[in-house]
Every structure is written in structure tokens, then in C-alpha cells.
Amino acid sequence: MHLIIRLSDILKERGMTQKQLSELTGIRPAAISEICNNQRTSINREHIEKIADCLGIHDVGDIIRLEK
């Protein structure tokens, strides 16, 4: 099993760029890019909280999915 971060899909659905999300959350653009491209081996809890808050997401399952 592995975790899939759906951030790239969510940003596309909302017409938002990674740069805009970076500016709104204060998270480095490189970190946003790595999260969007599922290149991170660990995810900072604070980053997920900031992203969820910024995007109005109340269920972390909307961002993170566990796949076989």
C-alpha cells in the first residue's frame, strides 16, 4: 500500500496554481511542488493543515488516499 496525495487534482478542480497556494499558505513553492507530484517520503502535518485550511477542506481523506 502507498499514500497518494491528491493536491494536484484539487488545485486543477479549483483553477488554482501551485504558486498561488504557496503564497496563500506560506509554504515554499518547492515543497508544494513535491507534495503535488507525490515526491515526498514524509509529509509535514503543519503543511497539510495549512493546505486544508486554505482550500476549505475539512476531511483529510479528500487530500490523502491510501491505495493498494
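The values are calculated or read from the model by the stated rules, or taken from the named source; none is laboratory data. Small disclaimer: the values here were computed from a predicted structure and weren't measured. Positions of Cβ are generated from backbone atoms using ideal geometry, with glycine treated the same way; all protein chains shown enter the neighbour counts. Accessible surface is based on the protein model in full, side chains and every heavy atom, while ligands, DNA and RNA are left aside. Shrake-Rupley method; radii C 1.70, N 1.55, O 1.52, S 1.80 Å.
Quick one: in segment 38-47, of everything that is at pLDDT below 95 and out of contact with any Asp or Glu (no Cβ under 9 Å at 6 or more places or on another chain), which residue is most open to solvent (accessible area, probe 1.4 Å)? Even if it seems obvious, please write down each step before you answer.
Step one: filter segment 38-47 for residues at pLDDT below 95, giving 38-45.
Cutting the leftovers down to out of contact with any Asp or Glu (no Cβ under 9 Å at 6 or more places or on another chain) gives us 38-39, 41-45.
Working: ASN38: 70, GLN39: 122, THR41: 149, SER42: 78, ILE43: 63, ASN44: 67, ARG45: 180 Å².
Restricting to residues being at pLDDT below 95 and out of contact with any Asp or Glu (no Cβ under 9 Å at 6 or more places or on another chain), the top hit is ARG45.
Residues in segment 49-68 that are touching a helix residue (DSSP H, G or I) at 6+ places or on another chain (Cβ under 7 Å) and outside any loop (DSSP other than H, G, I, E, B): how many?
Summing the residues that are touching a helix residue (DSSP H, G or I) at 6+ places or on another chain (Cβ under 7 Å) and outside any loop (DSSP other than H, G, I, E, B) in segment 49-68 gives 6.
Residues are listed down the side, and each one gets a yes or a no for (1) more than 18 Å from ILE4 (Cβ to Cβ); (2) of a type in the set (A, V, I, L, M):
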{"residue": "SER22", "(1), (2)": "yes, no"}
{"residue": "SER33", "(1), (2)": "no, no"}
{"residue": "SER42", "(1), (2)": "no, no"}
{"residue": "HIS47", "(1), (2)": "no, no"}
{"residue": "LEU55", "(1), (2)": "no, yes"}
{"residue": "VAL60", "(1), (2)": "no, yes"}
{"residue": "LYS68", "(1), (2)": "no, no"}
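So for segment 54-65 (the condition being touching a residue at least 60 places away in the same chain (Cβ under 8 Å), of a type in the set (A, V, I, L, M, F, W, C) and either open to solvent by 30 Å² or more (accessible area, probe 1.4 Å) or out of contact with any Cys (no Cβ under 7 Å at 6 or more places or on another chain) (or both)), does at least one residue qualify? If you could, list the steps in order and put the result at the bottom.
If we filter segment 54-65 for residues that are touching a residue at least 60 places away in the same chain (Cβ under 8 Å), which is where we start, we get 64-65.
Adding the requirement that they be of a type in the set (A, V, I, L, M, F, W, C) leaves 64.
Remaining after also requiring either open to solvent by 30 Å² or more (accessible area, probe 1.4 Å) or out of contact with any Cys (no Cβ under 7 Å at 6 or more places or on another chain) (or both): 64.
Checked segment 54-65: at least one residue is touching a residue at least 60 places away in the same chain (Cβ under 8 Å), of a type in the set (A, V, I, L, M, F, W, C) and either open to solvent by 30 Å² or more (accessible area, probe 1.4 Å) or out of contact with any Cys (no Cβ under 7 Å at 6 or more places or on another chain) (or both).
Considering segment 1-34, the residues that are outside any strand (DSSP E or B), of a type in the set (A, V, I, L, M) and closer than 17 Å to GLU67 by Cα include one that is most open to solvent (accessible area, probe 1.4 Å), namely MET1.
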